[in-house]
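The values are calculated or read from the model by the stated rules, or taken from the named source; none is laboratory data. Predicted, not measured: the structure shown is a model, and the values here were computed from it. Here the Cβ positions follow ideal geometry from the backbone for every residue, glycine too, while neighbour counts run over all protein chains shown. These area figures cover heavy atoms from the full protein model, side chains too; ligands, DNA and RNA do not enter into them. Shrake-Rupley method; radii C 1.70, N 1.55, O 1.52, S 1.80 Å.
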Amino acid sequence: MKFFLCILLLLGAISARADFVAGIGLEGSTSGESNRGEFRHNSLFGVRGDFEIGFKYLTLHLSGAYSFGTADSDYQLTDPNNASNTATAEGLETTLGLLRLGVGARLMLIRSQRFRFFAGGGGLYGALALMYDKDEYYWKTGSTNGLKSTEAQALKGSYLEAGMDFIFTKTVGMRLLYQKTFLQTDAFETLNNKELDLQTNYFSLNYIQYVDTKW
């Protein structure tokens, strides 16, 4: 009985919170690899920004995030003028930068004075840049012939998410967010002209600012 009374008090504290929310924070990810295994990344770290507007229980969400980290790649570049001439370096040390731009919807599951729980999903667009280690390439192959040190390709995909807002005042709060992304890049010349399919789990902690539009 005490448990249910606490829930009722929590949910019935106020009728509305802000409908316009802006936030900025830090994020990290789990390690992962492409579906065919030619690209394997370590944990990524970065920053993200959020913009959210809508009604009490359904909002439109826009986001931007940039993360970076290290990986190893099964480098393979084929000479376009001679298909038999290839440069190969398995497990080549790689530095990466990943830009994600998202748009989607969030459904408020619980909305109270101090807490807001939500789930959502949407689409992602962006780019993945790979920078290969020149010294390790030389060590693996004996020369720098066939090395294309950097390559970037566009990507698209989708995401699912769940999160919790802890509200300190009527305008300030913190957000814990989990997001699972499903990404596919355009084909990388340096990875044997293959696309990368990546699934990655992200966790972020964000400062959020509320503006009550009273919609």
Among the residues of region 165-183, how many are more than 12 Å from the chain's Cα centre (by Cα) and surrounded by fewer than 16 Cβ atoms within 10 Å (Cβ to Cβ)?
8
Any pair with Cβ under 8 angstrom, 6 or more apart, that starts in region 145-168 at a residue that is of a type in the set (G, A, S) and ends at one that is assigned to a loop (DSSP other than H, G, I, E, B) and open to solvent by 10 Å² or more (accessible area, probe 1.4 Å)
A154/D186
Subset of region 35-55 that is closer than 20 Å to N201 by Cβ and at pLDDT below 95 - its residue that is nearest to the chain's Cα centre (by Cα):
D50
Can you spot a residue in region 108-124 that is within 23 Å of Q199 (Cβ to Cβ), open to solvent by 40 Å² or more (accessible area, probe 1.4 Å), part of a strand (DSSP E or B) and not hydroxyl-bearing (S, T, Y)?
no
Filter region 195-211 down to the residues that are in contact with a Ser or Thr (Cβ under 8 Å, 6 or more places away or on another chain) and either open to solvent by less than 10 Å² (accessible area, probe 1.4 Å) or of a type outside the set (A, V, I, L, M, F, W, C) (or both) and list them by number.
E195, L196, D197, Q199, T200, N201, Y202, Q209, Y210
Are there any pairs with C-beta distances below 6 angstrom linking a residue in region 90-104 that is touching a residue at least 40 places away in the same chain (Cβ under 8 Å) and charged (D, E, K, R) to a residue that is open to solvent by less than 10 Å² (accessible area, probe 1.4 Å) and in a strand (DSSP E or B), with the two at least 6 apart or on different chains, and if so which?
R100/A65; R100/L124
Is it fair to say F68 is open to solvent by 60 Å² or more (accessible area, probe 1.4 Å), within 22 Å of Y159 (Cβ to Cβ), in a strand (DSSP E or B) and at pLDDT below 95?
no
